[in-house]
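Report on one structure; see the data block that follows.
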Amino acid sequence: MKNLIIVLIVVFANNFMTAQVSWEAPLQAQLTAAKQAKTPEELQIVTSTIERIALSNPTEWLPTYHAAYYNSQVFWRSGKKGCDSCLEQMDKFLTTAEKLDNNSEVLTLRANYYQAKLQGSPMMAPYYGPKAGNILEVALNLDPKNPRALLLMGQNLFYTPAMFGGGADKAKPFLEKAAKLFAEVDTNPSIQPSWGKRASDQMNKQLASAE
């Protein structure tokens, strides 16, 4: 009887662990597919699958985070006219992620949402720009070595006029630190947030041209 109980405990533990990680492999597969998507339409199909993974795992912040992030990517690739609902979907999934684990990565993606809102409403820069900056300060307080937070802070400052506290000089330390951290990032596939290196390279080129 004792041996039977031990076997049952082991089986239960194995089943529990399998249930815990059952979403990770499908999510990794979709993240790999997203990187290979060549058109906004292809990316939208992958994003819809990531959304389903997120909705099926309502207590896990990572699937929800990626659902928000890839909605932003469909938006950036297709433009506002091509994806009217993308930012609404991004906001919806981000709100859920914030409730689950409002960590440095989630805060950074919220700042990215505010920056995306400026795409269709540049006159709202005095409103969304400071909101993004404030939330990025919180993100960097939580994790000073978050390269995505450093990148977005640098972007925010770079495109803010000097008279309002921005400019290339203010952006430089954030962009340079982001570039250094991105160079150290492990390139092995992972379900952890890993975006930003290409944008970092582009921003540092713009920084060099501005000097």
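Throughout, read-outs are computed from the coordinates displayed, never taken from laboratory work. The model shown is predicted, which means the values in this text are computed figures rather than measured ones. No Cβ is skipped: glycine too gets one built from the backbone with ideal geometry, and neighbour counts run over all protein chains shown.
Anyone know which of Ala132, Ala29, Ala68 comes out most mobile in the 10 Å Cα GNM of the chain?
The residue that fluctuates most here is Ala29.
Tyr127 to Leu100: FRET efficiency via 1/(1 + (r/R0)^6), r the Cβ-Cβ distance, R0 35 Å, to the nearest 0.05?
0.85
Count the net charge of all other residues whose Cβ sits under 14 Å from the Cβ of Pro161, scoring Lys and Arg as +1 and Asp and Glu as -1.
Here the count lands on 0.
Within a Cβ distance under 14 Å of Arg198, other residues only, what is the Lys/Arg minus Asp/Glu net charge?
+4
From the phi of every residue in segment 190-203, what ³J(HN,Hα) in whole Hz does the Karplus formula 6.51 cos²θ - 1.76 cosθ + 1.60 yield, where θ is phi - 60° and glycine or proline is x?
8, 8, 6, x, 9, 6, x, 5, 4, 5, 5, 4, 5, 5
Using alpha-carbon pairs under 8 Å, 6+ residues apart, how would you state the relative contact order of segment 138-201 in percent?
32
I'm a student and want to see the number: the projected area of the Cα convex hull of the chain, averaged over all directions, in nm².
Seen from a random direction, the Cα hull of the chain projects 14.1 nm² on average.
What is the packing order of peptides 150-157, 37-44, 100-107, taking the mean over residues of other C-beta atoms within 10 Å and listing the highest first?
150-157, 100-107, 37-44
Give the relative contact order (percent, whole number) for the chain; include only Cα pairs under 8 Å separated by 6+ residues.
The value is 14 percent.
Relative to the Cα centre, what is the charge dipole magnitude of the chain, using +1 at the beta carbon of each Lys and Arg, -1 at the beta carbon of each Asp and Glu, and rounding to the nearest 20 debye?
Dipole magnitude for the chain comes out near 220 debye.
Arranged by the count of other C-beta atoms within 10 angstrom, fewest first, what order do Arg77, Arg52, Arg198 take?
Arranged by neighbour count, lowest to highest, Arg77, Arg52, Arg198 become Arg198, Arg52, Arg77.
Divide by every residue of the chain the summed helix terms, -39500 (n - 2.57) for each DSSP H run of at least 4, and state the resulting mean residue ellipticity at 222 nm, rounded to the nearest 500 deg cm²/dmol.
-26000 deg cm²/dmol
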